[in-house]
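Values in this text are rule-based calculations from the coordinates and carry no lab data. None of the values given here were measured: they were computed from a predicted structure. A quick note on method: Cβ atoms are made from the backbone with ideal geometry, for glycine too, and the neighbour counts reach across all protein chains shown.
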Amino acid sequence: HTKSIGRNTYSYFTHAMNKEVSRRLAIEEQIHGALERGELQAHFQIQLDIRDGSIMGAEALLRWNNPALGNVSPAEFIPIAEQTGVIEPMGEFILTRALEAARIWQNKFNDNFRVAINLSPRQFRNPNLVQSITDQVNTFGMRPEDLELEITEGVLLSGHAYTLDALKQLSDAGFCISMDDFGTGYSSLSYLRTYPFEILKIDRSFISDMNKDGKSNELIIATIEMAHALGIRVIAEGVETQEQLDELSFMMCDYAQGFLISKPVPFDELLEIGIHYKEIHENLATQENPIP
Ligand code: C2E
Ligand code: MG
Ligand code: MG
Ligand code: MG
């Protein structure tokens, strides 16, 4: 009897493993040429300034839709793009989309809007990274401070000789460097000492655990205070409820990003949010200062 359970378990696992392996192989196969076939898109997620309720900027996030695989999440394909090197052209693609978007938004709404992109370890192995980012920003007639570059601990751990150098150059040139997924790594504190971060993004696991274990709140408060003492501003990631946003505001958190404010959306939808937001504010303004 036990033997047959064992056999079923075994075949269940091999089946699951085969499925996983074959999906991975299919992703590896399909990821080449995905860009050329027009399967990639940029989505944008709004970043809210908690203090005055204004839209501070947006993070650009890659989306991949493939005829055979359907929608593949970045969590699945970014690591493979990284290993195979296709992250390089993908990184240029998302930067272009991001700068286009920021320029249009700035012309339509406000000049301080900033766009964020994620940079991965592989991109830092390219000695031309700083130059190619600078060139693209110049091509679009944008300023370095219009672009936020998000890096995770993975970039710093890879420990390539160029990394610190590249980050210093980018920071000196005026780009905004931010530490993504803060709190999930091994030695985030020492990175804050070494690297020129302007923004720290508290990982969404801390936000989703707020008011659950009693410790997340204390860690968030301490992180915000520490960051502010270092002159670093803070974005809370994964804000899903009004309660979380209210609490973060009370904690003096600077910015919020999450489904409560908006999901990542295509650029035309981002513009609709901008138009809607502008109308709300114009209405508020006319109510506050009624025309006599
Ligand atoms: P990330 O940079 O930390 O991006 C935030 C992720 O959290 C996004 O997942 C976003 O959709 C998700 N998110 C935002 N708000 C909420 C929320 O309220 N609740 C929940 N549950 N999730 C929320 P996404 O788009 O699947 O991206 C996953 C990761 O893939 C990103 O994490 C980033 O590390 C990477 N990635 C995405 N696009 C790019 C890219 O263009 N280049 C590179 N190098 N990495 C990218
Ligand atoms: Mg990010
Ligand atoms: Mg993050
Ligand atoms: Mg993440």
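Here are some notes:
- On Cα atoms only, tilt of 87-108 relative to the major axis of the chain in degrees: 20
- Under 23 Å, Cα to Cα: Lys pairs in the chain, sequence gap 8 or more or different chains: 7
- Dipole check for the chain: with +1 at the C-beta of Lys and Arg, -1 at the C-beta of Asp and Glu, and the Cα centre as origin, the magnitude is about 1020 Debye.
- The stretch 72-135-the stretch 15-38 distance, computed between alpha-carbon centres (Å): 22
- Amide H partners (placed H, <5 Å) of Arg114, local residues excluded: Gly57, Ala58
- DSSP-defined antiparallel bridges as percent of all bridges, the stretch 43-114, nearest 5: 90
- Computed 3J(HN,Hα) for the stretch 134-139, one whole-Hz value per residue from the Karplus formula 6.51 cos²θ - 1.76 cosθ + 1.60 where θ = phi - 60°, is 4, 4, 4, 4, 5, 4, glycine and proline marked x.
- Fraction of antiparallel bridges per DSSP, the chain only, in percent to nearest 5: 45
- About its Cα centre, the stretch 156-292 has a charge dipole of approximately 480 debye under the convention of +1 per Lys or Arg Cβ and -1 per Asp or Glu Cβ, with nothing else charged.
- Euclidean distance of C-alpha centroids, the stretch 185-220 and the stretch 160-177, integer Å: 22
- Peptides 80-86, 94-100 ranked from most to least packed give 94-100, 80-86, packing being the mean of other C-beta atoms within 10 angstrom over each peptide's residues.
- A helix-only calculation puts the chain at -16500 deg cm²/dmol for mean residue ellipticity at 222 nm, using -39500 (n - 2.57) for each DSSP H run of at least four residues, averaged over all residues.
- Look at the dipole of the stretch 161-256 built from charges on Cβ: of Leu200, Tyr162, Met251, the Cα furthest out on the positive end belongs to Tyr162.
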